[in-house]
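Each remark here refers to the structure printed beneath this line.
Only the coordinates and a few stated rules stand behind these numbers; no lab work does. This is a predicted model, so every value here is computed, not measured. Cβ atoms come from the backbone with ideal geometry, glycine included; neighbour counts cover every protein chain shown.
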Amino acid sequence: MLADGDLVRTGQFAISNSPSAHLSKFSFGPSIEGLFLQSNLGIVTKLGIWLHPQPQAYMSCSFDMPEFEDVETIVDIFGQFRRDGLLPSTVYVSNIVEWLGMFGKRAELWPSEGPIPDERLRELQQQLNLGYWNVKFGLYGAPAVIQAHFEELKRVITKKAPAAAHRLQGHLFSGENESLLEATSVPDPHGGFFVGVPSLWSLPMVKYRLPKQQAGVGAHADYSPIIPSSGKAILEWARTARKVCENEKFDLFCDFFMHERHVIFVNMMVFDKTNAEHRHAVDTIFRALYREGRQRGFSKYRSHVNYMGRVQVNLPLLFARC
């Protein structure tokens with residue numbers, strides 16, 4: 001429903017009583033569904049959501065590599081897995097600093113101003129048994145099929161990243177007596193949103209930059225460009241983003257989500273919103289990342305209302321070329 005009260009039906013919903021409305025995303029004419037994705041441009045009154053069939057089994061998988069530059073290898077390996085269908089769902093990759101946000105406040109880990117030094121990050125990686133880059137994903141289906149996929153993953157990783165191959169881990173969960181797997185039976189940290197169960201597991205990260213003892217209010221902002229799934233491109237962006245953040249005495253706090261041909265790279269800025277210096281730093285970081293991204297032709301997949309006018313200026317350039 002639009003602001004003037006008009007009701008717009010898209011896709012097969014545009015055909016009255018269509019039996020395919022929930023089954024097909026495609027139809028004649030322009031596709032405008034994206035106008036209503038994470039927006040306030042209209043009220044969605046009916047939609048179709050595709051659910052993953054309940055599987056017989058699920059394997060919770062993880063992999064990590066220790067060095068900052070290893071992100072290039074990770075993207076090239078797992079990008080190919082996504083494109084050839086070996087991994088049918090999103091691959092989640094996060095850096096060590098984001099994981100630190102799950103474990104406590106920054107002041108408890110590194111009390112000094114400025115970004116955490118590489119030497120301290122390596123110590124924390126050893127203590128927490130994490131890499132600099134940490135990969136999480138799932139395999140779903142019949143147990144024998146899952147195991148075959150996992151063995152192929154192991155073979156390729158052993159060939160392309162032999163020093164880290166032992167870091168590939170898989171934990172299999174199956175339904176009893178060949179029945180379907182009940183998602184809520186999968187324990188943390190293996191289940192949660194990887195099996196469709198809502199979770200607030202990442203919420204503690206907003207407290208990362210709060211004072212050690214004084215009161216504060218945790219908050220976050222982000223710059224999240226859509227980048228081609230190329231190891232070289234992601235490494236170059238990670239280097240750029242780290243420099244931008246460190247210029248404002250912030251750590252690179254990030255993750256990214258790997259789809260078949262693109263990556264959504266989330267540059268997260270967690271801060272104490274009662275702290276004026278933090279607010280200024282976050283605004284400066286966002287604007288610098290925006291400039292760097294626009295020079296490369298990147299655009300965000302979503303934006304805070306404070307910056308939507310700045311992000312929107314890419315659109316006239318697009319239409320001008322048509």
(message) Between Asn247 and Lys25, what's the calculated FRET efficiency when r is the beta-carbon distance and R0 is 45 Å? Round to 0.05.
(response) 0.60
(message) I need to check one value: relative contact order of the chain, counting alpha carbon pairs closer than 8 Å and at least 6 residues apart, in percent.
(response) 22
(message) Could you tell me the relative contact order of the stretch 218-322? Use alpha-carbon pairs under 8 Å, at least six residues apart, and round to a whole percent.
(response) 35
(request) Calculate for the chain the 222 nm mean residue ellipticity that helices alone would give, adding -39,500 (n - 2.57) per DSSP H run of length 4 or more and normalising by residue count, nearest 500 deg cm²/dmol. (result) -10000 deg cm²/dmol
(message) Can you compute the label reach from Trp50? Point 7 Å from Cα along the Cβ direction, backbone N cut-off under 16 Å, restricted to the stretch 18-32.
(response) 20-27
(request) Take every Cα pair under 8 Å in the stretch 1-50 that's 6+ residues apart, average their separations, divide by the length, and report that relative contact order as a whole percent. (result) 41
(request) For Leu203 paired with His304, estimate the spin-label separation in nm (one decimal), with each label point 7 Å from Cα along the Cα-to-Cβ line. (result) 2.0
(message) Mean-square fluctuation check for the chain, GNM, Cα pairs under 10 Å: which of Ser202, Ser60, Ser94 is largest?
(response) Ser202
(message) I want to make sure I understand the PRE zone here: with the label point 7 angstrom from the Cα of Val217 toward its beta carbon, which residues in the stretch 270-308 have backbone N atoms less than 17 Å away?
(response) 270-283, 305-306
(request) Treating the Cα atoms of the stretch 1-50 as identical point scatterers in vacuum, please give the log10 of the normalised Debye intensity I(q)/I(0) at q = 0.19, 0.21, 0.22 Å⁻¹, two decimals. (result) -0.65, -0.79, -0.86
(request) Mind telling me which of Gly309, Gly170, Gly104 comes out most flexible in a GNM of the chain, alpha-carbon contacts under 10 Å? (result) Gly309
(message) Explain nothing, just the number: dipole magnitude of the chain about its Cα centre with +1 on each Lys and Arg Cβ and -1 on each Asp and Glu Cβ, in debye rounded to the nearest 20.
(response) 800
(request) Go from 0 up to the bin containing the longest alpha carbon distance in the chain, width 10 Å each, and give me the % of pairs per bin. (result) 5, 21, 29, 27, 15, 3, 0
(message) Rounded, prolate or oblate for the stretch 136-201? Axes are the square roots of the Cα gyration tensor eigenvalues, ordered a ≥ b ≥ c, and the cut-off for rounded is a/c under 1.5.
(response) oblate
